[in-house]
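Below you'll find the structure, written out as C-alpha coordinates, and then a few comments.
The values are calculated or read from the model by the stated rules, or taken from the named source; none is laboratory data. Quick caveat: nothing in here was measured; it's all calculated off a predicted structure. In this analysis, Cβ positions are derived from the backbone assuming ideal geometry, glycine residues included, and neighbour counts consider all displayed protein chains. To get the accessible areas, we keep the full protein, side chains included, count just its heavy atoms, and leave off ligands, DNA and RNA. Shrake-Rupley method; radii C 1.70, N 1.55, O 1.52, S 1.80 Å.
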Amino acid sequence: MDKRDKPKAPPRKPYIWEIILAMVILIGVLVYSVAVLGIDVHIPFIVVAALTALTAIRMGYTWQELENSILKSIASVMQAVLILIMVGMVIGSWIQGGIVPSLVYYGLQMIHPQVFLVAIFLVGSLCSIATGSSWTMIGTLGVAAIGISEGMGIPLPLTAGIVIGAGYFGDKLSPLSDTPNLHCAIARVNLFEHCKNVFKYTIPSFLLALLMCFICSRIYAPRSTGGMSSIAEITETLHDSFVIHPLLILPVLMVFLMIALKIPAIPGILLMAVVGSLCAMIVQGANLHDTLTVLLYGYSGDTGSEIVDSLVTRRGMDSMMYITSLILCVSAYGGVIDVTRILHVLVEKLLGRVNSPSGIMISTALCGFILNIIAVDNYVSAVMTGNMLREKFIRRGLSPLNLSRCLAESCAITSPLIPWNTCGITMLGMLGIPVLKYAPFAFLLYIPPIMVIVISLLKKGIIYLTPEEQAELLKNDSAA
(Lines give C-alpha, C1' and ligand atoms only; values in the text may rest on other atoms or scores of the structure.)
Protein backbone atom coordinates (compact mmCIF):
# COMPACT_ATOMS: atom_id res chain seq x y z
CA MET A 1 0.00 0.00 0.00
CA ASP A 2 1.24 3.47 -0.88
CA LYS A 3 2.11 5.52 2.21
CA ARG A 4 -0.02 8.33 0.84
CA ASP A 5 -3.07 6.08 1.02
CA LYS A 6 -2.71 5.41 4.73
CA PRO A 7 -5.46 6.98 6.84
CA LYS A 8 -4.46 10.03 8.83
CA ALA A 9 -3.72 9.27 12.47
CA PRO A 10 -6.09 11.03 14.90
CA PRO A 11 -4.63 14.04 16.72
CA ARG A 12 -3.15 13.25 20.10
CA LYS A 13 -3.86 14.91 23.43
CA PRO A 14 -1.54 17.74 24.44
CA TYR A 15 1.42 16.96 26.67
CA ILE A 16 1.71 18.73 30.00
CA TRP A 17 4.63 20.82 28.78
CA GLU A 18 2.56 21.91 25.77
CA ILE A 19 -0.28 23.01 28.06
CA ILE A 20 2.15 24.97 30.23
CA LEU A 21 3.73 26.49 27.13
CA ALA A 22 0.31 27.57 25.79
CA MET A 23 -0.51 29.28 29.11
CA VAL A 24 2.90 30.96 29.28
CA ILE A 25 2.49 32.25 25.71
CA LEU A 26 -0.98 33.63 26.45
CA ILE A 27 -0.08 35.38 29.69
CA GLY A 28 3.39 36.44 28.56
CA VAL A 29 2.32 38.00 25.26
CA LEU A 30 -0.65 39.83 26.80
CA VAL A 31 1.24 41.16 29.82
CA TYR A 32 4.21 42.31 27.71
CA SER A 33 1.95 43.94 25.12
CA VAL A 34 -0.18 45.83 27.63
CA ALA A 35 2.29 46.59 30.44
CA VAL A 36 5.48 47.14 28.41
CA LEU A 37 4.47 48.14 24.90
CA GLY A 38 1.25 49.84 25.97
CA ILE A 39 -0.71 48.64 22.93
CA ASP A 40 -4.21 47.31 22.47
CA VAL A 41 -4.60 43.55 22.70
CA HIS A 42 -6.02 42.92 19.19
CA ILE A 43 -2.74 42.00 17.50
CA PRO A 44 -1.34 40.22 20.58
CA PHE A 45 -4.32 37.87 20.51
CA ILE A 46 -3.72 37.13 16.84
CA VAL A 47 -0.08 36.38 17.69
CA VAL A 48 -1.14 34.09 20.54
CA ALA A 49 -3.65 32.32 18.28
CA ALA A 50 -0.98 31.78 15.60
CA LEU A 51 1.58 30.40 18.08
CA THR A 52 -1.00 28.12 19.67
CA ALA A 53 -2.05 26.95 16.20
CA LEU A 54 1.54 25.83 15.57
CA THR A 55 1.31 23.68 18.71
CA ALA A 56 -2.00 22.27 17.46
CA ILE A 57 -0.46 21.33 14.09
CA ARG A 58 2.35 19.61 15.97
CA MET A 59 -0.32 17.59 17.80
CA GLY A 60 -1.69 16.33 14.49
CA TYR A 61 -4.46 18.82 13.66
CA THR A 62 -4.80 20.10 10.11
CA TRP A 63 -5.28 23.73 9.21
CA GLN A 64 -8.78 22.90 7.97
CA GLU A 65 -9.72 21.57 11.41
CA LEU A 66 -8.30 24.67 13.07
CA GLU A 67 -10.08 26.97 10.65
CA ASN A 68 -13.42 25.21 11.18
CA SER A 69 -13.03 25.56 14.95
CA ILE A 70 -12.12 29.25 14.62
CA LEU A 71 -15.17 29.92 12.44
CA LYS A 72 -17.37 27.99 14.86
CA SER A 73 -16.03 30.04 17.76
CA ILE A 74 -16.64 33.30 15.90
CA ALA A 75 -20.15 32.18 14.96
CA SER A 76 -20.91 31.54 18.63
CA VAL A 77 -20.32 35.22 19.51
CA MET A 78 -22.10 36.78 16.55
CA GLN A 79 -25.31 37.29 18.52
CA ALA A 80 -23.31 39.17 21.16
CA VAL A 81 -21.69 41.25 18.41
CA LEU A 82 -25.05 42.14 16.88
CA ILE A 83 -26.44 43.07 20.30
CA LEU A 84 -23.39 45.24 20.92
CA ILE A 85 -23.90 47.05 17.62
CA MET A 86 -27.60 47.56 18.37
CA VAL A 87 -26.77 48.93 21.84
CA GLY A 88 -24.40 51.44 20.21
CA MET A 89 -27.26 52.63 18.04
CA VAL A 90 -29.58 52.85 21.04
CA ILE A 91 -27.14 54.95 23.06
CA GLY A 92 -26.59 57.42 20.21
CA SER A 93 -30.28 57.72 19.34
CA TRP A 94 -31.40 57.98 22.96
CA ILE A 95 -29.04 60.90 23.53
CA GLN A 96 -30.10 62.69 20.35
CA GLY A 97 -33.76 61.99 21.15
CA GLY A 98 -33.45 63.61 24.57
CA ILE A 99 -34.15 60.36 26.46
CA VAL A 100 -30.79 60.10 28.22
CA PRO A 101 -30.59 63.89 28.78
CA SER A 102 -34.07 63.76 30.37
CA LEU A 103 -33.03 60.86 32.60
CA VAL A 104 -29.92 62.75 33.67
CA TYR A 105 -31.84 66.00 34.16
CA TYR A 106 -34.53 64.55 36.39
CA GLY A 107 -32.09 62.21 38.08
CA LEU A 108 -29.89 65.11 39.13
CA GLN A 109 -32.92 66.95 40.45
CA MET A 110 -34.61 64.08 42.25
CA ILE A 111 -31.82 61.81 43.52
CA HIS A 112 -29.88 63.09 46.50
CA PRO A 113 -26.16 62.32 46.36
CA GLN A 114 -26.29 60.44 49.66
CA VAL A 115 -28.69 57.80 48.28
CA PHE A 116 -27.84 57.86 44.58
CA LEU A 117 -25.57 54.80 44.59
CA VAL A 118 -28.03 52.76 46.63
CA ALA A 119 -30.88 53.79 44.34
CA ILE A 120 -29.03 52.91 41.13
CA PHE A 121 -27.97 49.61 42.69
CA LEU A 122 -31.57 48.61 43.48
CA VAL A 123 -33.10 49.95 40.27
CA GLY A 124 -30.38 48.35 38.14
CA SER A 125 -30.84 44.97 39.82
CA LEU A 126 -34.60 45.02 39.33
CA CYS A 127 -34.38 46.18 35.72
CA SER A 128 -31.85 43.53 34.77
CA ILE A 129 -34.01 40.82 36.35
CA ALA A 130 -37.08 42.15 34.55
CA THR A 131 -35.36 42.45 31.18
CA GLY A 132 -33.08 39.42 31.37
CA SER A 133 -30.30 41.48 29.80
CA SER A 134 -27.37 42.98 31.66
CA TRP A 135 -26.05 44.63 28.50
CA THR A 136 -29.34 46.38 27.71
CA MET A 137 -29.63 47.79 31.22
CA ILE A 138 -25.98 48.83 31.40
CA GLY A 139 -26.05 50.34 27.90
CA THR A 140 -29.08 52.52 28.67
CA LEU A 141 -29.69 53.13 32.37
CA GLY A 142 -26.00 52.61 33.05
CA VAL A 143 -25.01 55.38 30.65
CA ALA A 144 -27.53 57.69 32.31
CA ALA A 145 -26.17 56.74 35.76
CA ILE A 146 -22.65 57.63 34.63
CA GLY A 147 -23.93 61.03 33.53
CA ILE A 148 -25.72 61.66 36.83
CA SER A 149 -22.65 60.51 38.75
CA GLU A 150 -20.46 62.86 36.77
CA GLY A 151 -22.73 65.76 37.67
CA MET A 152 -22.69 64.86 41.36
CA GLY A 153 -18.94 64.50 41.48
CA ILE A 154 -19.11 60.81 42.40
CA PRO A 155 -16.15 58.81 40.99
CA LEU A 156 -17.20 57.28 37.68
CA PRO A 157 -15.46 53.91 38.31
CA LEU A 158 -17.49 53.58 41.52
CA THR A 159 -20.77 54.10 39.70
CA ALA A 160 -19.70 51.88 36.81
CA GLY A 161 -18.79 49.03 39.17
CA ILE A 162 -22.13 49.23 40.98
CA VAL A 163 -24.12 49.44 37.73
CA ILE A 164 -22.27 46.51 36.14
CA GLY A 165 -22.62 44.39 39.28
CA ALA A 166 -26.35 45.10 39.42
CA GLY A 167 -26.71 44.28 35.74
CA TYR A 168 -25.03 40.90 36.00
CA PHE A 169 -26.87 40.10 39.24
CA GLY A 170 -30.18 40.26 37.40
CA ASP A 171 -28.81 38.60 34.30
CA LYS A 172 -27.73 35.46 36.20
CA LEU A 173 -31.15 35.17 37.90
CA SER A 174 -33.70 36.14 35.26
CA PRO A 175 -35.50 33.29 33.46
CA LEU A 176 -35.57 35.62 30.47
CA SER A 177 -31.79 35.69 30.25
CA ASP A 178 -29.85 33.33 28.02
CA THR A 179 -27.26 32.81 30.77
CA PRO A 180 -29.43 30.78 33.21
CA ASN A 181 -30.89 28.89 30.28
CA LEU A 182 -27.38 27.96 29.14
CA HIS A 183 -26.38 26.85 32.63
CA CYS A 184 -29.51 24.74 32.98
CA ALA A 185 -28.90 23.15 29.59
CA ILE A 186 -25.33 22.27 30.59
CA ALA A 187 -26.29 20.89 34.02
CA ARG A 188 -29.61 19.48 32.69
CA VAL A 189 -31.74 20.91 35.47
CA ASN A 190 -35.08 22.70 35.59
CA LEU A 191 -34.80 26.43 34.89
CA PHE A 192 -37.06 27.61 37.69
CA GLU A 193 -35.52 25.24 40.25
CA HIS A 194 -32.13 26.62 39.22
CA CYS A 195 -33.24 30.27 39.58
CA LYS A 196 -34.81 29.51 42.96
CA ASN A 197 -31.64 27.80 44.19
CA VAL A 198 -29.35 30.60 42.99
CA PHE A 199 -31.61 33.30 44.43
CA LYS A 200 -31.76 31.58 47.82
CA TYR A 201 -28.00 31.53 48.28
CA THR A 202 -27.23 34.86 46.63
CA ILE A 203 -29.31 36.89 49.11
CA PRO A 204 -26.38 37.24 51.59
CA SER A 205 -24.17 38.50 48.76
CA PHE A 206 -26.82 40.99 47.68
CA LEU A 207 -27.33 42.37 51.19
CA LEU A 208 -23.59 42.69 51.76
CA ALA A 209 -23.17 44.50 48.43
CA LEU A 210 -26.10 46.78 49.31
CA LEU A 211 -24.39 47.66 52.60
CA MET A 212 -21.16 48.46 50.77
CA CYS A 213 -23.09 50.68 48.34
CA PHE A 214 -24.58 52.57 51.27
CA ILE A 215 -21.15 53.03 52.85
CA CYS A 216 -19.72 54.27 49.54
CA SER A 217 -22.65 56.68 49.22
CA ARG A 218 -21.71 58.19 52.56
CA ILE A 219 -18.00 58.32 51.79
CA TYR A 220 -18.12 59.68 48.23
CA ALA A 221 -21.19 61.92 48.41
CA PRO A 222 -20.15 65.50 47.50
CA ARG A 223 -20.41 67.93 50.36
CA SER A 224 -19.01 71.09 48.75
CA THR A 225 -21.01 73.77 46.97
CA GLY A 226 -18.76 73.25 43.98
CA GLY A 227 -20.31 69.88 43.38
CA MET A 228 -23.81 71.35 43.55
CA SER A 229 -22.86 74.15 41.17
CA SER A 230 -21.68 71.52 38.73
CA ILE A 231 -25.09 69.86 38.96
CA ALA A 232 -26.78 73.18 38.32
CA GLU A 233 -24.56 73.79 35.28
CA ILE A 234 -25.45 70.40 33.83
CA THR A 235 -29.20 70.69 34.37
CA GLU A 236 -29.35 74.24 32.98
CA THR A 237 -27.26 73.33 29.94
CA LEU A 238 -29.32 70.20 29.25
CA HIS A 239 -32.52 72.21 29.52
CA ASP A 240 -31.19 74.79 27.06
CA SER A 241 -29.79 72.21 24.59
CA PHE A 242 -32.56 69.59 24.53
CA VAL A 243 -36.30 69.40 24.87
CA ILE A 244 -36.61 67.92 28.37
CA HIS A 245 -39.92 66.31 29.29
CA PRO A 246 -41.05 63.56 31.71
CA LEU A 247 -42.65 61.67 28.81
CA LEU A 248 -39.20 61.13 27.33
CA ILE A 249 -38.48 58.78 30.21
CA LEU A 250 -41.25 56.43 29.02
CA PRO A 251 -39.08 54.70 26.38
CA VAL A 252 -37.13 53.18 29.29
CA LEU A 253 -40.26 51.16 30.02
CA MET A 254 -39.90 49.56 26.60
CA VAL A 255 -37.82 46.83 28.17
CA PHE A 256 -40.87 45.68 30.10
CA LEU A 257 -42.96 45.82 26.93
CA MET A 258 -40.39 43.64 25.22
CA ILE A 259 -40.86 41.07 27.97
CA ALA A 260 -44.66 41.16 27.75
CA LEU A 261 -44.59 40.72 23.98
CA LYS A 262 -41.74 38.19 24.15
CA ILE A 263 -39.72 40.12 21.59
CA PRO A 264 -36.24 38.61 20.97
CA ALA A 265 -33.26 40.68 22.09
CA ILE A 266 -31.93 41.86 18.72
CA PRO A 267 -35.19 43.12 17.17
CA GLY A 268 -36.22 44.48 20.58
CA ILE A 269 -33.05 46.54 20.97
CA LEU A 270 -33.34 47.68 17.35
CA LEU A 271 -36.89 48.84 18.13
CA MET A 272 -35.49 50.87 21.02
CA ALA A 273 -33.09 52.57 18.58
CA VAL A 274 -36.00 53.33 16.26
CA VAL A 275 -37.95 54.92 19.11
CA GLY A 276 -34.91 57.02 20.00
CA SER A 277 -34.63 58.21 16.39
CA LEU A 278 -38.33 59.07 16.26
CA CYS A 279 -37.94 61.12 19.44
CA ALA A 280 -34.99 62.90 17.84
CA MET A 281 -37.00 63.87 14.76
CA ILE A 282 -40.40 64.53 16.34
CA VAL A 283 -39.43 66.00 19.71
CA GLN A 284 -35.93 67.41 19.18
CA GLY A 285 -36.50 68.55 15.59
CA ALA A 286 -33.61 66.62 14.03
CA ASN A 287 -33.72 65.93 10.29
CA LEU A 288 -33.52 62.46 8.76
CA HIS A 289 -29.90 62.89 7.63
CA ASP A 290 -28.66 63.79 11.11
CA THR A 291 -30.74 61.05 12.74
CA LEU A 292 -29.32 58.31 10.53
CA THR A 293 -25.81 59.72 10.92
CA VAL A 294 -26.10 59.53 14.71
CA LEU A 295 -27.08 55.86 14.49
CA LEU A 296 -23.80 55.16 12.71
CA TYR A 297 -21.34 57.62 14.26
CA GLY A 298 -23.02 58.54 17.55
CA TYR A 299 -24.01 61.91 18.95
CA SER A 300 -21.48 64.70 19.32
CA GLY A 301 -22.34 67.35 21.87
CA ASP A 302 -21.86 71.05 21.15
CA THR A 303 -23.56 72.72 24.11
CA GLY A 304 -20.80 75.09 25.16
CA SER A 305 -20.29 73.22 28.43
CA GLU A 306 -17.29 70.89 28.51
CA ILE A 307 -18.79 68.60 31.13
CA VAL A 308 -22.12 68.31 29.30
CA ASP A 309 -20.41 67.75 25.97
CA SER A 310 -18.41 64.90 27.46
CA LEU A 311 -21.66 63.49 28.82
CA VAL A 312 -23.70 63.54 25.61
CA THR A 313 -20.93 62.68 23.14
CA ARG A 314 -21.49 58.94 23.07
CA ARG A 315 -21.47 55.80 20.97
CA GLY A 316 -23.19 54.86 17.75
CA MET A 317 -22.58 51.77 15.64
CA ASP A 318 -19.15 52.89 14.44
CA SER A 319 -17.77 53.29 17.96
CA MET A 320 -18.50 49.61 18.62
CA MET A 321 -16.27 48.42 15.77
CA TYR A 322 -13.19 48.59 18.01
CA ILE A 323 -14.87 46.29 20.50
CA THR A 324 -16.28 44.07 17.76
CA SER A 325 -12.88 43.54 16.15
CA LEU A 326 -11.39 42.65 19.52
CA ILE A 327 -14.16 40.12 20.19
CA LEU A 328 -13.42 38.49 16.83
CA CYS A 329 -9.68 38.29 17.59
CA VAL A 330 -10.39 36.79 21.01
CA SER A 331 -12.88 34.32 19.55
CA ALA A 332 -10.33 33.17 16.98
CA TYR A 333 -7.94 32.30 19.79
CA GLY A 334 -10.78 30.56 21.63
CA GLY A 335 -11.40 28.39 18.58
CA VAL A 336 -7.78 27.23 18.48
CA ILE A 337 -7.78 26.52 22.22
CA ASP A 338 -11.04 24.59 22.00
CA VAL A 339 -10.02 22.21 19.22
CA THR A 340 -6.75 21.29 20.95
CA ARG A 341 -8.59 20.43 24.20
CA ILE A 342 -5.73 22.06 26.08
CA LEU A 343 -8.06 23.41 28.76
CA HIS A 344 -9.96 20.13 29.07
CA VAL A 345 -6.79 18.21 29.83
CA LEU A 346 -5.57 20.95 32.18
CA VAL A 347 -8.76 20.83 34.27
CA GLU A 348 -8.76 17.03 34.35
CA LYS A 349 -5.21 17.05 35.70
CA LEU A 350 -5.93 19.70 38.33
CA LEU A 351 -9.26 18.34 39.62
CA GLY A 352 -8.83 14.62 39.14
CA ARG A 353 -8.28 13.90 42.85
CA VAL A 354 -10.85 16.29 44.31
CA ASN A 355 -13.73 14.20 45.69
CA SER A 356 -15.21 15.87 48.79
CA PRO A 357 -18.52 17.72 48.22
CA SER A 358 -17.14 21.04 49.43
CA GLY A 359 -13.95 20.50 47.44
CA ILE A 360 -15.90 19.86 44.24
CA MET A 361 -18.02 22.98 44.78
CA ILE A 362 -15.00 25.18 45.47
CA SER A 363 -13.00 23.69 42.59
CA THR A 364 -15.90 24.30 40.19
CA ALA A 365 -16.18 27.96 41.23
CA LEU A 366 -12.43 28.48 40.90
CA CYS A 367 -12.37 26.60 37.60
CA GLY A 368 -15.07 28.87 36.17
CA PHE A 369 -13.12 31.98 37.11
CA ILE A 370 -9.80 30.64 35.82
CA LEU A 371 -11.35 29.59 32.51
CA ASN A 372 -12.84 33.07 32.19
CA ILE A 373 -9.27 34.34 32.31
CA ILE A 374 -7.94 31.80 29.84
CA ALA A 375 -10.89 31.05 27.56
CA VAL A 376 -11.81 34.80 27.46
CA ASP A 377 -15.57 34.23 27.26
CA ASN A 378 -18.06 33.32 29.98
CA TYR A 379 -20.08 31.08 27.67
CA VAL A 380 -16.98 29.08 26.73
CA SER A 381 -15.90 28.77 30.37
CA ALA A 382 -19.40 27.69 31.44
CA VAL A 383 -19.68 25.02 28.74
CA MET A 384 -16.20 23.65 29.42
CA THR A 385 -16.58 23.68 33.20
CA GLY A 386 -20.05 22.13 33.13
CA ASN A 387 -19.27 19.44 30.58
CA MET A 388 -16.12 18.37 32.37
CA LEU A 389 -17.52 18.30 35.90
CA ARG A 390 -21.20 17.26 35.62
CA GLU A 391 -20.47 13.54 35.81
CA LYS A 392 -18.17 14.13 38.81
CA PHE A 393 -21.05 15.82 40.68
CA ILE A 394 -23.45 12.95 39.97
CA ARG A 395 -20.99 10.16 40.83
CA ARG A 396 -20.29 11.87 44.14
CA GLY A 397 -24.06 12.00 44.85
CA LEU A 398 -24.39 15.77 44.31
CA SER A 399 -27.35 17.29 42.51
CA PRO A 400 -26.55 19.02 39.21
CA LEU A 401 -28.30 22.05 40.75
CA ASN A 402 -25.05 22.55 42.68
CA LEU A 403 -23.19 22.68 39.38
CA SER A 404 -25.57 25.16 37.78
CA ARG A 405 -25.28 27.42 40.86
CA CYS A 406 -21.49 27.33 40.68
CA LEU A 407 -21.64 28.23 36.99
CA ALA A 408 -23.93 31.17 37.78
CA GLU A 409 -21.74 32.42 40.63
CA SER A 410 -18.40 32.02 38.85
CA CYS A 411 -18.57 31.84 35.04
CA ALA A 412 -21.48 34.22 34.57
CA ILE A 413 -20.51 37.11 36.81
CA THR A 414 -16.72 37.17 37.02
CA SER A 415 -16.18 37.70 33.28
CA PRO A 416 -16.55 41.53 33.45
CA LEU A 417 -13.67 41.56 35.96
CA ILE A 418 -11.19 40.42 33.30
CA PRO A 419 -9.97 43.14 30.88
CA TRP A 420 -9.52 40.80 27.89
CA ASN A 421 -12.70 38.79 28.45
CA THR A 422 -15.44 39.60 25.94
CA CYS A 423 -17.66 40.90 28.77
CA GLY A 424 -14.93 43.12 30.19
CA ILE A 425 -14.26 44.46 26.71
CA THR A 426 -17.95 45.17 26.20
CA MET A 427 -18.29 47.01 29.52
CA LEU A 428 -15.38 49.25 28.52
CA GLY A 429 -17.09 49.94 25.20
CA MET A 430 -20.41 50.83 26.81
CA LEU A 431 -19.34 52.94 29.76
CA GLY A 432 -15.82 53.98 28.80
CA ILE A 433 -14.39 52.97 32.20
CA PRO A 434 -11.41 50.56 32.23
CA VAL A 435 -12.05 47.22 33.91
CA LEU A 436 -9.29 47.55 36.50
CA LYS A 437 -10.75 50.87 37.65
CA TYR A 438 -14.34 49.72 38.18
CA ALA A 439 -13.54 46.16 39.36
CA PRO A 440 -12.99 47.02 43.08
CA PHE A 441 -16.49 48.54 43.19
CA ALA A 442 -18.29 45.78 41.30
CA PHE A 443 -19.34 44.17 44.58
CA LEU A 444 -21.89 41.80 43.04
CA LEU A 445 -19.26 40.36 40.71
CA TYR A 446 -16.75 39.09 43.26
CA ILE A 447 -18.70 38.66 46.53
CA PRO A 448 -20.92 35.77 45.26
CA PRO A 449 -18.04 33.40 44.29
CA ILE A 450 -16.41 34.12 47.64
CA MET A 451 -19.71 33.26 49.32
CA VAL A 452 -19.87 29.98 47.39
CA ILE A 453 -16.48 29.06 48.79
CA VAL A 454 -17.38 30.11 52.36
CA ILE A 455 -20.79 28.37 52.34
CA SER A 456 -19.24 25.22 50.87
CA LEU A 457 -16.52 25.15 53.52
CA LEU A 458 -19.29 25.35 56.12
CA LYS A 459 -20.91 22.38 54.33
CA LYS A 460 -24.08 24.40 53.77
CA GLY A 461 -26.14 24.87 50.63
CA ILE A 462 -25.11 21.56 49.06
CA ILE A 463 -27.97 19.55 47.57
CA TYR A 464 -27.54 15.77 47.61
CA LEU A 465 -29.11 13.15 45.39
CA THR A 466 -30.99 10.16 46.71
CA PRO A 467 -29.55 6.80 45.59
CA GLU A 468 -32.53 6.43 43.24
CA GLU A 469 -31.99 9.88 41.71
CA GLN A 470 -28.29 9.21 41.29
CA ALA A 471 -28.90 5.87 39.57
CA GLU A 472 -31.50 7.42 37.27
CA LEU A 473 -29.20 10.25 36.20
CA LEU A 474 -26.29 7.90 35.56
CA LYS A 475 -28.58 5.63 33.56
CA ASN A 476 -29.91 8.52 31.47
CA ASP A 477 -26.40 9.82 30.82
CA SER A 478 -25.23 6.38 29.69
CA ALA A 479 -28.20 6.06 27.35
CA ALA A 480 -27.48 9.49 25.88
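Quick look at the values:
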read-out	value
Condition met for Leu465 (touching a residue at least 60 places away in the same chain (Cβ under 8 Å), surrounded by 18 or more Cβ atoms within 10 Å (Cβ to Cβ), touching a strand residue (DSSP E or B) at 6+ places or on another chain (Cβ under 7 Å) and hydrophobic (A, V, I, L, M, F, W, C))	yes
Residue in segment 423-430 that is modelled with pLDDT under 90, among the hydroxyl-bearing types (Ser, Thr, Tyr) and open to solvent by 10 Å² or more (accessible area, probe 1.4 Å) present	no
Total residues in segment 159-194, condition touching a Lys or Arg at 6+ places or on another chain (Cβ under 9 Å) and either within 24 Å of Tyr446 (Cβ to Cβ) or open to solvent by less than 10 Å² (accessible area, probe 1.4 Å) (or both)	8
Condition met for Arg353 (among the charged types (D, E, K, R) and either touching a residue at least 40 places away in the same chain (Cβ under 8 Å) or touching a helix residue (DSSP H, G or I) at 6+ places or on another chain (Cβ under 8 Å) (or both))	no
Candidate set: segment 355-411, residues that are outside any helix (DSSP H, G or I) and open to solvent by 30 Å² or more (accessible area, probe 1.4 Å); chosen: the one farthest from Tyr464 (Cα to Cα)	Asn355
Any hit, segment 108-124, residues being at pLDDT 80 or above, open to solvent by less than 10 Å² (accessible area, probe 1.4 Å) and under 17 Å from Ile249 (Cα atoms)	yes
Among residues of segment 331-349, those that are modelled with pLDDT of 80 or more and of a type in the set (A, V, I, L, M, F, W, C), counted	4
Candidate set from segment 145-163 (those that are in contact with a Gly (Cβ under 7 Å, 6 or more places away or on another chain) and of a type in the set (Val, Ile, Thr)); member that is nearest to Phe192 (Cα to Cα)	Val163
Those residues of segment 271-330 which are modelled with pLDDT under 80, assigned to a loop (DSSP other than H, G, I, E, B) and over 20 Å from Ile85 (Cβ atoms), in sequence order	Gly301, Asp302, Thr303, Gly304, Ser305
Residue match in segment 133-153 (condition: in a helix (DSSP H, G or I), out of contact with any Lys or Arg (no Cβ under 8 Å at 6 or more places or on another chain) and within 18 Å of Ile447 (Cβ to Cβ))	yes
Helices (runs of 4 or more DSSP H) within segment 432-480 that include 1 or more residues modelled with pLDDT of 90 or more	435-438, 443-457
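Residue-by-condition table, conditions (1) among the β-branched types (Val, Ile, Thr); (2) more than 24 Å from Leu431 (Cα to Cα); (3) under 15 Å from the mean Cα position of the chain (by Cα):
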| position | (1), (2), (3) |
| --- | --- |
| Cys127 | no, no, no |
| Ala144 | no, no, no |
| Gly151 | no, no, no |
| Ile154 | yes, no, no |
| Thr159 | yes, no, no |
| Glu193 | no, yes, no |
| Val198 | yes, yes, no |
